[in-house]
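Trainee: After the structure tokens below, expect a handful of questions from me.
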Amino acid sequence: MTVTVSEPAVNAETARSIGLTGEELERLKKILGRDPNWTELGITSALWSEHCSYKSSKIYLREFPTEGPHVLQGPGENAGVVDVGHGFVAVFKMESHNHPSFIEPYQGSMTGVGGILRDIFTMGARPIACMDALRFGEIDAPRMRFLIDGVVRGIGGYGNCMGIPTVGGETGFHRCYNGNILVNAFALGVARRDRIFHARASGAGNPVLYVGSRTGRDGIHGATMASESFDKESEQKRPTVQVGDPFTEKILLEACLEAMRTGAIVAIQDMGAAGLTSSTFEMAGRGGTGLRLDLDRVPLRQPGLTPYEMMLSESQERMVLVARKGREEEVEKVFRRWGLEVVDIGEITDTGRALLTWHGETAADIPIQPLTEEAPVYHRPVAEPADLAERWKAPEVPQPSDPRQALEELLATPELAGKRWIWQQYDHTVRTNTVQGPGGDAAVVLLKGTPSGLAMTCDVNPVYCYFDPRRGGAQAVAEAVRNLACVGAEPVGLTDCLNFGNPERPEISWQFREAVRGISEACRALSVPVISGNVSFYNETEGASIYPTPAIAMVGVIPSLASLPDPWFRHEGDRIVLLGDDRSEFGGAAYLRLLYDLEQGRPPAVVLDAELRLARLLRSLVAQGLLHTAHDLSEGGFLIALAEACFGRRPMGARVEVSMAGADLFSESQGRALVAVPPAALEQVLEAATTMGVPAREIGETGGADLVLKSGGEVLSAPVARLHEIWSTALPKALGL
Amino acid sequence: MTVYPRREILDPQGKAIRDALTRVGFPGVDDVRAGKSFEISLGTGDPQAAESQLREMCEKLLANTVVEDYSVELLGSSVESLGTDGIRP
Amino acid sequence: MKCGVVVFPGSNCDHDVYHVWKHVLHQEAAFLWHQDDSLQGCELIVLPGGFAYGDYLRAGALAALSPVMGAVKRHAEAGGLVLGICNGFQVLLETGLLPGAMRRNENLRFQCLDVHLKTERTDLPFTGRLAQGQVLRLPIAHAEGNYEDSPERLDALEAGGQVVFRYCEPDGRVTPESNPNGAARNIAGIANAAGNVLGLMPHPERASEAVLGNTDGLALFESLVEAGARHLESVGARQ
């Protein structure tokens, strides 16, 4: 009945070696009504891995608001889908590729980008923009320069070759990532509303087609690697790194979009984590069908792969699709014209079971939905850290003896310095859609053929999240909304990459639960649905976990692109207005962390009501064309934001006066933004702020070669050229690359 | 020394070159692997020391052993010039 | 004038050029598949940017062997207009339609940024609307833009007036600082001796619409539209 190859015996120990617990093995035995063979065990271990099943996170993820007036598809498919007007939809998602990138940063980040792009075009949408949220450790930590260089080259290497612009992202440095860097890749695609594809198999007798690169032993058990922490033995796991081929994927992208137009494709899914297993099983599971696969027909890159290896291989640039019986030739013709291999490897059945045959025998015979829809769900123990009250004690904030020096020192840190060294290695102008590229608060691309634009941004502050995951989660959402508002964009949805440590540790599960709560609260208050996302657990090395890092990527629609403000000063003589409330809030602040190596205190309050009013005001002002400049405040507070606003294409100074003094210039109170308006519009802007309930005060005007600040009876004056020099050279200097 | 992508790993470049060779009139080509070749002249006359040094160079820098294999061949003591730097990647 | 945009497997900027020619300038345009050897009656052939064949082996090397390049070569030899942008320029070099070769950027990294170009030939079909010495701001996005040839051949290129665009400062001075990739003599774009084939590394199609913040590239395409009419006349007159 079962295949006899020299494969390990199936027992609790061998099951554990591929990531299945003893209970999970028993559960599988119950489902099958017998002992599983090695292939069946492998299939299950992949489907029930954390990465594929979300078993530790599901109970919390249910809390996310996933519906909204524009949402066509929430979580559960390859990517989320939202209506963006004019008959178009945006399809987007973010995915992590943390563990492979730590081992082999170039290929790890390459394949991370490749994977997320496939998730987009498998839905029928042409990817038009990418972003990346990166977290590195201290630059001087072992291997870190090698990792940074590799990751940036890899992201560029894939996106540039595919001809998809990388228009934004976020890069942070913190020692908590010394042993676990984070590479989260986001992609957004556009399609006509009525031309979306789903990965839901149907129609007994419909053929299952395999298209793309051949199958090798790449990444076998990559899904399980993502579900395990690093330790000294991780080094031996090296062979599991997959190699990306962006050229083949570009061909695959064009061929898939063309094949989809034949109308002969019923369902399509890319082969990502757990390759052939997850793609075929998930498609069949969603459709409630069964499937029969003839493994002898799977195209192999090298001979001798066992069924186990074939089903778990994570060779890249492969898709699986269900075609309409009788019309498969139409589909195959398209792929062949593009030079791609396409093979009929089986068919959809109505048995609800997966029957895999190999060399004339049954390699696996396993029911589908019990594996895909009824994966184990865990309620991991949760425990608030015992020293939380300690952590929340307000820090003692040293006053800067010389605010100008403090400013220059902060601008010189990799964390706050300009990131141009990174994004200049990404093609951000290909496709002639980029209205605002990297370097601003949000990226803006054209929705071609319409007067509208799409805006997108990535945000999270891991230090806030460590001290108060609930507040930190809410803050990430609030900042994203603020960023979008600065370009006049109304949010339509968000996707996330929830990067955490080991959920089997109660404090980590507590962090996760709280972060999800905070995100959910902010999403409800700010009317932003969560339409897709990804969870990455086990980001821990030798027991030390990363800070909770729930990265948020949010997308918005700008109804009209006329008179878009810049994130920096563009006209001399504009009046500068500071919106929002100034308070003294230093919990987890960059000022304390970067200048005094002090991390302490509850993060700044997130007043969702105030954020909502500020966002509405900004959107309204942008729509009316009243703003030349709009830039929100975040890490480093007011003085950092003011300096950043001076660093436009033509650097420009400002003369301002504020009531904040000393360290308060770097306080990180939320819900604030800087705008610069032509003098004739000042009155109108201030009135609008009053009407909409947003505190506003004019603080000065743009112009001149110096940044001149009157505060607390003192005058700070610095040449913008000097500040700009410090800020723009700090990162390449620190990297020495 | 030569550095090649490891046998089990996908070599996208080799694959593209093989397809191109087929198109240009060489259909019998089964497989192509594209790698790099380095010629390094060392000051030492001791072949064992040289080989061990060269292997270390590969491990530390010239090959990414996660995805590449390397082989070292001693060409003998020669005073042939290799160009302005000793290494031609 | 009908423009044919060649599509190799891996070309990316084909849609961008097509978009400018057809939707911004309202001219006739067609895509030319690499396997076909017909140019579909196109008078201007554009080899667009991208990563034809993934840039594997050498950028442009595998694309140069495509069936369509036979037809493009014949078209160029007969005096037809050919424009190679970025990867397209690399293909022209590999095919021998333009002299020289491209190496990796000096800093060994892909670079995407705006550069300034000084216009040095204005009597070509590609540059008819530009003024001598006019400075254009255009985006580049490449990892292999370091143009190279032997000193003798570079001298010949200069002597023949075949250097059409050179990297420069915003005020037009040609300096080492304004060279983004180490290209010999700051060369950004060259023409063949007959002046009907142009290759340049920057992307004029990415600077052809006001909404994107830069229209300096449009003049190149507009020059071609004008030249197209004149070229047709002269070809017609010869027949």
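Trainee: Strictly over 19 Å apart at the Cα level, which of A:448/C:22; A:419/A:733; C:2/C:22; B:15/C:73; B:15/B:36; B:36/B:60 would you flag in this model?
Mentor: Over 19 Å Cα-Cα: B:15/C:73.
Trainee: Right, next: Quick check on segment A:565-734: take the gyration tensor over C-alpha atoms, sort the square-rooted eigenvalues as a ≥ b ≥ c, and tell me if it's rounded (a/c under 1.5), prolate or oblate.
Mentor: The shape class here is oblate.
Trainee: Could you work out how far helix A:608-623 tilts from the main Cα principal axis of chain A, as a 0 to 90 degree angle to the nearest 10?
Mentor: 80 degrees
Trainee: May I ask you to list the aspartates and glutamates whose Cα is less than 12 Å away from that of residue A:333, ignoring any residue fewer than eight positions away on the same chain?
Mentor: A:258, A:341
Trainee: Something else now. Between residue C:171 and residue B:68, with labels modelled 7 Å along Cα→Cβ, what's the label distance in nm to one decimal, could you check?
Mentor: Once both label points are built, they end up 4.5 nm from each other.
Trainee: Calculate, in nm to one decimal, what residue A:560 and residue A:524 gain on full extension: separation in residues at 0.36 nm each, minus their alpha carbon distance.
Mentor: Contour length minus Cα-Cα distance gives 10.4 nm.
Trainee: To the nearest 20 debye, what charge dipole does chain C have about its Cα centre, counting +1 at the Cβ of each Lys and Arg and -1 at the Cβ of each Asp and Glu?
Mentor: 100 debye
Trainee: Could you work out the local net charge near residue A:168, counting Lys and Arg as +1, Asp and Glu as -1, over the other residues with Cβ closer than 10 Å to its Cβ?
Mentor: -3
Trainee: Beta carbons within 10 angstrom, averaged per residue: use that to sort the peptides A:569-576, C:194-201, C:88-95, highest first.
Mentor: My ranking of the peptides, most packed first, is C:88-95, C:194-201, A:569-576.
Trainee: I want to verify a result. In a Gaussian network model of chain C, Cα cutoff 10 Å, which of these has the top mean-square fluctuation: C:153, C:129, C:206?
Mentor: Among C:153, C:129, C:206, the largest GNM mean-square fluctuation belongs to C:153.
Trainee: Please state the charge dipole magnitude for the protein assembly as shown, taken about the Cα centre, from unit charges on C-beta atoms (+1 on K and R, -1 on D and E), reported in debye and rounded to the nearest 20.
Mentor: I would put it at about 1800 debye.
Trainee: In nanometres, what is the gap between the two model label sites at residue C:122 and residue A:369, each 7 Å from Cα along Cα-to-Cβ?
Mentor: Roughly 7.5 nm, to one decimal.
Trainee: Rounded to the nearest 0.05, what FRET efficiency do residue B:53 and residue A:139 give with R0 = 25 Å and r taken as the Cβ-Cβ distance? Could you check?
Mentor: 0.25
Trainee: Something else: First select every other residue whose beta carbon is under 9 angstrom from the beta carbon of residue A:186; then total the charges, Lys and Arg +1, Asp and Glu -1.
Mentor: -1
Trainee: Relative contact order for segment A:565-734 using alpha-carbon pairs under 8 Å, separation at least 6, rounded to a whole percent?
Mentor: 36 percent
Trainee: Something else: Which percent, to the nearest 5, of DSSP beta bridges fully inside segment A:82-174 are antiparallel?
Mentor: 30 percent
Trainee: Which whole-number percentage describes the relative contact order of chain B, with Cα contacts under 8 Å and a sequence gap of 6 or more?
Mentor: Contact order relative to length: 41 percent.
Trainee: Can you pull out the chymotrypsin sites (Phe, Trp or Tyr not before Pro) in segment A:128-174 whose DSSP state is coil and whose Cβ has at most 13 other Cβ atoms within 10 Å?
Mentor: Of the chymotrypsin sites (Phe, Trp or Tyr not before Pro), not one in the loops of segment A:128-174 has a Cβ with at most 13 other Cβ atoms within 10 Å.
Trainee: May I pose another question? With the Cα gyration tensor of the protein assembly as shown giving a ≥ b ≥ c as the square roots of its eigenvalues, does the rule (a/c under 1.5 for rounded; else a/b larger than b/c for prolate; else oblate) give rounded, prolate or oblate?
Mentor: rounded
Trainee: Quick one: net charge around residue A:655, please, counting Lys, Arg +1 and Asp, Glu -1 for every other residue with C-beta under 10 Å from its C-beta.
Mentor: -2
Trainee: Turning to a different aspect of this structure: Return the average number of partner chain Cβ atoms within 10 angstrom of each residue Cβ along peptide A:247-259.
Mentor: 3
Trainee: Counting DSSP beta bridges in the protein assembly as shown, what percent are antiparallel, to the nearest 5?
Mentor: DSSP beta bridges in the protein assembly as shown are roughly 75 percent antiparallel.
Trainee: Cα axis of helix A:328-337 to longest principal axis of chain A: angle in degrees, 0 to 90, nearest 10?
Mentor: Computed tilt is about 60 degrees.
Trainee: Kindly express, to the nearest 10 degrees and within the range 0 to 90, the angle between helix A:246-260's C-alpha long axis and the longest C-alpha principal axis of chain A.
Mentor: 70 degrees
Trainee: Next question. State the answer as a single residue: which of A:729, A:595, A:665 lies farthest towards the positive end of the charge dipole of segment A:565-734, with beta carbon charges of +1 for Lys and Arg and -1 for Asp and Glu, about the Cα centre.
Mentor: Most positive-ward Cα: A:729.
Trainee: Per residue Cα convex hull volume for segment C:3-238, in cubic angstrom?
Mentor: 114 Å³
Trainee: In segment A:621-654, which residues have a backbone nitrogen under 20 Å from the label point lying 7 Å from residue A:415's Cα in the Cα-to-Cβ direction?
Mentor: Answer for segment A:621-654: A:632-645.
Trainee: Right, next: If you count, for every residue in C:52-59, the Cβ atoms of partner chains within 10 Å of its Cβ, what is the mean?
Mentor: Counting other chains' Cβ atoms within 10 Å and averaging over C:52-59 gives 6.
Trainee: Tell me, what is the FRET efficiency for residue A:405 and residue A:735 to the nearest 0.05, using R0 = 22 angstrom and their Cβ-Cβ distance as r?
Mentor: Given R0 = 22 Å and the Cβ-Cβ separation, E is 0.40.
Trainee: Moving to a separate point now. Between residue A:394 and residue A:661, how high is the FRET efficiency from 1/(1 + (r/R0)^6) when r is the Cβ-Cβ distance and R₀ = 22 Å? Nearest 0.05.
Mentor: Calculated value: 0.75.
Trainee: Still on this structure, I have one more. Among A:93, C:73, what is the fewest-to-most ranking by other Cβ atoms within 10 Å?
Mentor: Going from least to most buried by this count: C:73, A:93.
Trainee: Let me ask you something else. 7 Å from Cα along Cα→Cβ at both residue C:222 and residue A:325: what's the point-to-point distance in nm?
Mentor: 6.1 nm
Trainee: Taking N as the number of residues in segment B:2-81, what is its Cα Rg relative to 2.2 N^0.38 Å?
Mentor: It is 1.39.
Trainee: Then there's this: Going by how many other Cβ atoms sit within 10 Å of their own, how do A:121, B:38 line up, fewest first?
Mentor: B:38, A:121
Trainee: Which one, B:47, B:27, B:12, has the greatest fluctuation when you compute a Gaussian network model over chain B with C-alpha springs under 10 angstrom?
Mentor: B:27
Trainee: Sort A:307-319, A:443-455 for me by packing, meaning the mean count of neighbouring Cβ atoms within 10 Å per residue, highest on top.
Mentor: A:307-319, A:443-455
Trainee: Indicate, rounded to the nearest 5 percent, the antiparallel portion of the DSSP beta bridges found entirely in chain C.
Mentor: Given both bridge residues lie in chain C, the antiparallel proportion sits at roughly 60 percent.
Trainee: Another question, if that's okay. Size of the dipole of segment A:565-734 about the Cα centre, Lys and Arg at +1 and Asp and Glu at -1 on the beta carbon, nothing else charged, in debye to 20?
Mentor: Result for segment A:565-734 is approximately 320 debye, rounded to the nearest 20.
Values quoted throughout were computed directly from the atomic coordinates according to the rules given, and no laboratory measurement underlies them. Fair warning: this is a prediction, and the values are worked out from it, not measured in the lab. In this analysis, Cβ positions are derived from the backbone assuming ideal geometry, glycine residues included, and neighbour counts consider all displayed protein chains.
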